[in-house]
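For reference, the structure discussed in these notes is given below.
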Amino acid sequence: MKTLLAIDQGTTSSRAILFSTAGEILETCQKELQLFYPHKGWVEQDANQIWHDTIGVCEEVLKISDNEIAAIGITNQRETSVIWDRETGEPVYHAIVWQDRRTADYCAALKEQGHEALVRSKTGLLLDPYFSATKIKWILDNVDGVRERAEKGALLFGTIDCFLLWHLTGGVSHKTDVTNASRTMLYNIVEQKWDEELLALFDIPHSLLPEVYDNCHDFGHATIAGKNIPITGMAGDQQAALIGQACFEKGMVKSTYGTGCFALMNIGPDYIQSKNRLLTTVAYRLNGDITYALEGSIFVAGAAIQWLRDNMGFFDNAKESEALARSVDSSEGVYFVPAFTGLGAPYWNPNAHAAIMGLTRDSNKGHITRAALEAQAYQTHDLMDAFLEDSQMNIQKLRVDGGLVSNIMVCQMLADITGVKIDVPKITETTALGAAFLAGLHRGIYKDFDDISKVWQQDQSYQPELDKETAQKCLKYWKRAVQAVTLLSEI
């Protein structure tokens, strides 16, 4: 039986998942990944550990299965940035994670100088520490000898997909795909090329950068557990999830609830610049034909539940959060704004801090936990409103995935607050599945998107049950809570 191996390298773990061509999970192996916080607002990972963990989980899966592996697809945490030695593959510094905020002041200075309009027009992105460009510049400027080595052509840059590909191919392939390139703040998504004006703005040598290809491409070959396997699919995690959710028509939306929450709307082949501080990004490019997406990024989703577990000791297992939230009838006016790493779309305030508001002497763990779950629905509603205004496309349903969608309460809250139908797929590992789909598409296992759409199956759906008046009242107080957090960030 032919199978597809997906490498899913995320923020908190590295995974290898073996799929049948019907989208069934045959084998999986996962290893948790350590994050480092050397200073306030800094988030780093050991890039060597990412590589060793990734090849390790792949080897474990291949040892278990004796099925023929037709191809490998790679998907990854986007924006996380690595610079490494061209000859040895040794990173010059830890990987700087997408959540890292160390370049917030630099971004603010560039905004004050009037550069954001230029960046937005070329990349569809906002000037924010989230993206790769300012992380690259920080490494070049702050790690001894790195800029000099880079200018001599001795170093390479890549997002995690690119770093893994380089190692998987034994240093042969320094390539990335168009979706990951579109998140660097250096790639012109209208002209579809690295932009010399942006490279000059951030003072980054062109020699660092990988070649950029379609999402389906012959990226190279990997030898794993004695097997030589072609790598033929690659996409950033959120775009891979869009593909895994078979959102191939204009107006279709998927939202992934993992560490953060990321919602993407397929807007077709025409570039639209958001009026609501959403991002415009590349959804996918196949055979040179590009499809764009509007994206809303919420920095903290499941991470809020992790915080309640790890920092506050509310429960021992994240799955217990639903029972604790159900122990109360409502949040009793408690609102939780989980801005632990700033506010993402549509607010984009890197200086905002998290806050829990509306506490009384009667408030307990149940109210706070319920408020943390409700926050996911409120944040999603804010994104849906912005999608509607920017695209003028009505959203009838939302396809959701990620760890939090196993929480029935969260799914119903999403339906109640957004007012749209929520669809949960049978295979919730849609990020990895999207990478597998891309790999299989290039190998001819799937003929086209229609073939892939037939693989996608619905497991559960949730219809709105809360009356609109009550939903609007809740949203009104949520917006006030966000305004309060915004005001506090200016102090």
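A few points about this structure:
- Efficiency of FRET between Glu90 and Ser330 - r from beta-carbon atoms, R0 56 angstrom, step 0.05: 0.55
- Each residue of segment 12-21 is assigned a 3J(HN,Hα), and the resulting list reads 10, 7, 10, 9, 10, 10, 9, 10, 6, 5 Hz, derived from the Karplus form 6.51 cos²θ - 1.76 cosθ + 1.60 (θ = phi - 60°), x at Gly and Pro.
- Derived from the Cα gyration tensor, the three semi-axes of the equivalent ellipsoid of segment 412-467 are 31, 10, 8 Å, largest first.
- The spacing between segment 273-334 and segment 183-231, judged by their C-alpha centroids, is 28 Å.
- Too-long pairs where the Cα-Cα distance tops 28 Å, listed order kept, from Lys122/Lys421; Lys137/Lys254; Lys275/Lys421: Lys122/Lys421; Lys137/Lys254
- Per the Debye calculation on segment 2-236 with a single equal scatterer at every Cα and no solvent contribution, log₁₀ I(q)/I(0) for q = 0.12, 0.18 Å⁻¹ amounts to -0.65, -1.34.
- Seen from Gly145, the other residues with C-beta closer than 12 Å to its C-beta sum to a net charge of -2, counting Lys and Arg as +1 and Asp and Glu as -1.
- Rounded FRET efficiency, nearest 0.05, which uses the C-beta distance separating Lys473 from Glu112 and R0 of 56 Å: 0.90
- Expected 222 nm ellipticity per residue - DSSP helices of 4 or more, -39500 (n - 2.57), all of the chain, to 500: -11000 deg cm²/dmol
- 3J(HN,Hα) couplings calculated from phi for segment 445-461 with the Karplus curve 6.51 cos²θ - 1.76 cosθ + 1.60 (θ = phi - 60°) are, in sequence order, 5, 10, 6, 7, 5, 4, 4, 5, 4, 5, 6, 5, 9, 7, 9, 10, 9 Hz; Gly and Pro show x.
- Sites Met1 and Asp46, calculated FRET efficiency, Cβ-Cβ separation with R0 30 Å, nearest 0.05: 0.25
- Total formal charge among the other residues, if their Cβ is under 15 angstrom from that of Ile356, Lys/Arg +1 and Asp/Glu -1: +1
- Estimated distance in nm for a label pair at His39 and Ile25, the labels positioned 7 Å out from Cα along Cα-to-Cβ: 3.9 nm
- Calculated log₁₀ intensity ratio I(q)/I(0) where the Debye formula runs over C-alpha points of the chain, q = 0.09, 0.10, 0.12, 0.13 Å⁻¹: -0.57, -0.72, -1.06, -1.26
- Rg and Dmax over the alpha-carbon atoms of segment 324-473 stand at 18.2, 62 Å.
- Spatial separation of Cα centroids for segment 107-150 and segment 4-20, in angstrom: 30 Å
- Working note: Debye formula, equal point scatterers on the alpha-carbon atoms of segment 76-156, no solvent; log10 I(q)/I(0) at q = 0.11, 0.12, 0.21 Å⁻¹ is -0.32, -0.38, -0.99.
- According to the Kirkwood relation over distinct C-alpha pairs, the hydrodynamic radius of segment 1-114 is 16.0 Å.
- Summing charges over all other residues whose Cβ lies under 15 Å from the Cβ of Ser20, with Lys and Arg as +1 and Asp and Glu as -1, gives -2.
- Sparsely packed loop sites in segment 179-279 (the trypsin sites (Lys or Arg not before Pro) outside DSSP H, G, I, E and B with at most 11 other Cβ atoms within 10 Å) comprise Lys275.
Every read-out reported here was derived from the displayed coordinates using simple, explicitly stated rules and does not represent laboratory data. Bear in mind the structure is a predicted one, so any value in this text is a computation, not a measurement. A quick note on method: Cβ atoms are made from the backbone with ideal geometry, for glycine too, and the neighbour counts reach across all protein chains shown.
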